[in-house]
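Chemist: Below you will find the structure I want to go over with you.
The values are calculated or read from the model by the stated rules, or taken from the named source; none is laboratory data. Owing to the predicted nature of the structure, the values given are computational and were not obtained by experimental measurement. Please note: Cβ atoms are built from the backbone with ideal geometry, for glycine as well, and neighbour counts cover all protein chains shown. With ligands, DNA and RNA removed, areas are computed over all heavy atoms of the protein, side chains included. Shrake-Rupley method; radii C 1.70, N 1.55, O 1.52, S 1.80 Å.
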Amino acid sequence: MARATGRSQRRGASSSPAAVPTFHEFASEWFHGLANEGLSENTVAQCRWELTTHLLPFFAKHRLTEITIAEVDRYRQEQVRKGTLSATSINRTIMRLAQILEIAVERELIARNPARGRRRRLKQRAPERTWLDRAEQIVALLD
């Protein structure tokens, strides 16, 4: 029993809520660290867009310990309800959230990553395949 208590204390479970940063604070620190990773401008722009347009409007004021599986599911449902993103784009924002929260797990700010797992993502339709089965179709494609 003492061992479990020590573990939760290490994980920040007994810390005062004010000691745990908000998602906005933590994600901002994470984003500023991207500059040192040598990522392409496009990757950094994609991260900025996912954060500022989608993740921060929903999670900004949440303390990291307040981001639960239920909250991630609520975020996903809200994105579906809005209808502005495809399932692929929603899944990408959830993967970005999981990437950020994984660092919080490593730093022992949270015990586990609530954004990980297949159940957090939307099912995606398989793309419809086009078959070229006549010479005219192949010529048209080449032209």
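Chemist: Taking a probe of 1.4 Å, how large is the accessible area per residue of segment 23-127, in Å²? Display every interim value, and only then the final one.
Modeler: Details: 6460 Å² over 105 residues.
Result: 62 Å² per residue.
Chemist: In addition: Excluding Gln46 itself, calculate the net charge of residues whose Cβ lies under 9 Å from the Cβ of Gln46, where each Lys or Arg counts +1 and each Asp or Glu counts -1.
Modeler: Counting the neighbours of Gln46, the net charge comes to +2.
Chemist: Restricting to Cα atoms and excluding each atom paired with itself, what does the Kirkwood estimate give for segment 39-127 in Å? Walk me through the numbers on the way to the answer.
Modeler: Numbers: mean 1/r = 0.0737 Å⁻¹.
This gives a value of 13.6 Å.
Chemist: I would also like to ask the following. Taking the alpha-carbon centroid of each part, what is the distance from segment 67-124 to segment 36-51 in angstrom?
Modeler: Answer, in whole Å: 18.
Chemist: Return an integer: the convex hull volume of the alpha-carbon atoms of segment 15-90, in Å³ per residue.
Modeler: 104
Chemist: Also: Charges only on Cβ, +1 for Lys and Arg, -1 for Asp and Glu: so what's the dipole of segment 27-79 about the Cα centre, in debye to the nearest 20?
Modeler: 140
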